[in-house]
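The next block holds one structure in the form of structure tokens; read it before the comments.
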């Protein structure tokens, strides 16, 4: 501060200006000291208006500003702690009744989706075509848009040659899955499935077709038709004789012999 | 209806429920109510699962699903109990049983809440693999929530025995893993619950394969990598 003689006493305005200058210098010093202790905050907080002139005190000596110690964060007591108290009991909202209603609703839904809705006895739950959900496995019975029915064996489609063969091998209509022709095209064709019958007392082999037995003339014809010995089923001669004769294989083979 | 009221206590006032289990208040009544509720809920959800195949499958799954959970409970409870005792727990076997039953009840009630969604997908999609994976996801969510309840309950019920508390927490974590393994293997043993559409109804399928490879195969098929054989 500038020293002044008592003769030329400064005016009130000058005194106020001096005090303001002192206050500014004091504040600047305090800021510098704070900057040395800690990095400045990103945005300075809003400061209150300058104190009245009477409250301005002489500058404090520069140095680090002591910070109050931070108290450790208090841990909330958890279930299991000694000082833990359970929250107050919540009032009832009749959840039991709501659950009872939900139970009845779901039970009704389960019953509803199991009721047959079409003339084939198929229920709502099973009415969607299931071609997209087939598990590809041996024994899967498939049908495309045509009348042919196939059985999948070793990744090959085997055509079931007749209704007799279908029934003889124990297939049922509810096992037949109707699929897109494109799905069928994805598989190789295997040997067709025929019912080949033979009785122990006779050397002849017959093919069952249209509820008639068709005599296969000889081994060459048998092999040429794509048959294998494993497909021949043994039945009693009486049963074979009871079946009416159909045209022999080949058709010009002559009259068929009786077993 | 009175037995269903226990669900409200478990869901809304669980801390009080666990304190009552700790203090042994009406333990038998609680267990009976939880048993009846979970059997009802699980049977209904099982019925929904099986409806996609046939009426027989519906009935069979309705019986088998509660059996799956209760058998898993019976098989896994002694392990948890004895390991807890080993590490200083003062709970009784009945208290342990009640706590695990609480987890099953929570799982069951959540499964029931998912039932309308499952019915919706059952009626609108015919993809078996998708339906199977959807249900695996639902079971995983509900099961995880159930064991979270078990974990909270165990902490509260075993609060009296401070000794070995940390070890018991580890025991519980490992036990939850074992419980999940036993549950999934039990589900595989008792299958089918949904029933593959191309296969005839069977009460139990022949053993072979395992739950996890089957799920991976289903995910592979859904993503178009291969066809389940």
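Condition (residue is within 21 Å of residue B:197 (Cβ to Cβ) and in contact (Cβ under 8 Å) with a residue 40 or more places away in the chain) applied to the stretch A:194-208: is it met by at least one residue? No, every residue in the stretch A:194-208 fails to be within 21 Å of residue B:197 (Cβ to Cβ) and in contact (Cβ under 8 Å) with a residue 40 or more places away in the chain.
Could you list, in sequence order, the residues of the stretch B:110-131 that are farther than 13 Å from residue A:110 by Cα and crowded, with 23+ Cβ neighbours inside 10 Å?
Those that are farther than 13 Å from residue A:110 by Cα and crowded, with 23+ Cβ neighbours inside 10 Å: B:111, B:128.
Here is the figure for the stretch B:16-34: residues that are surrounded by 17 or more Cβ atoms within 10 Å (Cβ to Cβ), touching a residue at least 12 places away in the same chain (Cβ under 8 Å) and more than 21 Å from the chain's Cα centre (by Cα) total 2. Whether a residue is within 30 Å of residue B:171 (Cβ to Cβ) and within 14 Å of chain A (Cβ to nearest Cβ) was assessed, and residue B:126 does not pass this test.
In this structure, does residue B:172 turn out to be closer than 24 Å to residue B:44 by Cα and within 14 Å of another protein chain (Cβ to nearest Cβ)? In short, no. Does the stretch A:194-205 contain any residue that is under 30 Å from residue A:121 (Cα atoms) and more than 14 Å from chain B (Cβ to nearest Cβ)? Checking the stretch A:194-205: not a single residue is under 30 Å from residue A:121 (Cα atoms) and more than 14 Å from chain B (Cβ to nearest Cβ).
To keep it simple, each residue is scored yes or no on (1) in contact with a strand residue (DSSP E or B) (Cβ under 6 Å, 6 or more places away or on another chain); (2) buried (at least 17 other Cβ atoms within 10 Å of the Cβ).
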residue	(1), (2)
A:159	yes, no
A:174	no, no
A:183	no, no
A:186	no, no
A:208	yes, yes
A:248	yes, yes
A:253	no, no
A:259	no, yes
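One residue alone among B:203, B:207 is within 28 Å of residue A:177 (Cα to Cα), assigned to a loop (DSSP other than H, G, I, E, B), modelled with pLDDT under 85 and away from every other protein chain (no Cβ under 14 Å), and that residue is B:207.
Take the conditions (1) touching a residue at least 12 places away in the same chain (Cβ under 8 Å); (2) within 14 Å of chain B (Cβ to nearest Cβ); (3) under 33 Å from the mean Cα position of the chain (by Cα); residue A:171 misses just one of them, which is (3). Set side by side, the residues B:112, B:101, B:93 differ, and just one is under 22 Å from residue B:164 (Cβ atoms) and modelled with pLDDT of 90 or more, which is B:93.
The values are calculated or read from the model by the stated rules, or taken from the named source; none is laboratory data. The structure presented is a predicted model; accordingly, all values stated were derived computationally and were not measured. Cβ atoms come from the backbone with ideal geometry, glycine included; neighbour counts cover every protein chain shown.
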